[in-house]
Amino acid sequence: MCKIAVSLLEMDYGHLDRGLKEIEAAGADYVHFDMMDGAFVPNLGIGTRLIQGVRSSSHLVYDVHLMIEEPEKHVDRIAQAGADVITVHYEACSDVKAVLDRIRRLGLRAGLALKPETSLEVLDRELLTRVDVVHLMTTHPGLEGQTFIPESLDKISRLRRFLDEWKPDCEIEVDGNITMGNVQSVAAAGATVLVSGRALVQGDITENIRRMKEAAREAAYRPLKGYGRQSRKEEAV
């Protein structure tokens, strides 16, 4: 089943405790924290003190996405702040395997993010043994006002086919303008964690989360013994 991750960047910072309780009650699975350093990406984002400050507000999975240079310098503090998942960018690490190993030694799930232009060919099997989540950006990181990149659907699908054969329990997280207009497409392609912001928090948050989760559930595909994975829609054809 697809999991819904609500982007904290789009929430009301003046009422985060209330907001986190609301999205948890509405059925969200994760809250997604974007940490940005103004170097790896042009914007600045959330810090460890904020994560620590809202850790007691909910039982959601705290999913921290590091869009920063030299992430190895920060993973210990982020773990201490209360993260459950730490995702680093392939493009930002001088020794990506060592960073992933460090995250897992801290008892957290390790994620590896790829920019839209980064090929799936970088994901060799030795690297994938170290990851629990592959995080595919469906817009360019750190830039506002972008539209979903349609070519991402083929990238999700190709990655899912490979993982189904070699590491089926690995999550595919998608991040970048995920809306009600494309949620079924990304779920059908094989995404299992869907990061969304404005599409969820603008208007009736409870209803938005319910609708997105239901739409993803209807389109999501499941493994078929001996046949890899396929969408429920395809299965019915």
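Partner aspartates and glutamates whose Cα lies under 17 Å from the Cα of Lys73, excluding those fewer than 8 positions away in the same chain, are identified as Asp34, Asp37, Glu91, Asp95, Asp101.
Overall, the chain carries a charge dipole of about 640 debye about its Cα centre when +1 sits on the Cβ of Lys and Arg and -1 on the Cβ of Asp and Glu, all other atoms neutral. Placing unit charges on the Cβ atoms only, positive for Lys and Arg and negative for Asp and Glu, gives the stretch 49-103 a dipole magnitude near 280 debye about its Cα centre. Taking the Cβ of Lys213 as the center, what net charge do the other residues with Cβ under 9 Å away carry, scoring Lys and Arg +1 and Asp and Glu -1? Taking every other residue near Lys213 into account, the sum is +2.
Hey, can you find the accessible area per residue of the chain for me, probe 1.4 Å, expressed in square angstrom?
Details: 11000 Å² over 237 residues.
Solvent-accessible surface per residue comes out at 46 Å².
Each Lys or Arg adds one and each Asp or Glu takes one away; over the other residues whose Cβ falls under 11 Å from the Cβ of Ala26, this sums to -1. Computed over neighbours whose Cβ is under 15 Å from that of His140, the net charge equals -4, Lys and Arg +1, Asp and Glu -1. How many percent of DSSP beta bridges within the chain run antiparallel, rounded to 5? Close to 10 percent. Partner aspartates and glutamates whose Cα lies under 12 Å from the Cα of Lys213, excluding those fewer than 8 positions away in the same chain, are identified as Asp29. Taking a ≥ b ≥ c as the square roots of the eigenvalues of the alpha-carbon gyration tensor, the stretch 33-83 is classed prolate because a/c is 1.5 or more and a/b outweighs b/c. Ordering Leu100, Met67, Ala79 by Cα displacement along the dipole of the stretch 45-113 toward the positive end leaves Ala79 in first place; charges were set at the Cβ atoms of Lys, Arg (+1) and Asp, Glu (-1). Indicate the gyration tensor shape class of the chain (rounded, prolate or oblate), computed on the Cα atoms with a ≥ b ≥ c the square roots of the eigenvalues: a/c under 1.5 is rounded; otherwise a/b larger than b/c is prolate and the rest oblate. Since a/c reaches 1.5 but b/c is at least a/b, the shape of the chain is classed as oblate. Within the accessible area of the chain, the carbon and sulfur atoms contribute 48%, probe 1.4 Å, all protein chains present.
The values are calculated or read from the model by the stated rules, or taken from the named source; none is laboratory data. Predicted, not measured: the structure shown is a model, and the values here were computed from it. In this analysis, Cβ positions are derived from the backbone assuming ideal geometry, glycine residues included, and neighbour counts consider all displayed protein chains. Surface areas here come from the heavy atoms of the whole protein model, side chains and all, with no ligands, DNA or RNA. Shrake-Rupley method; radii C 1.70, N 1.55, O 1.52, S 1.80 Å.
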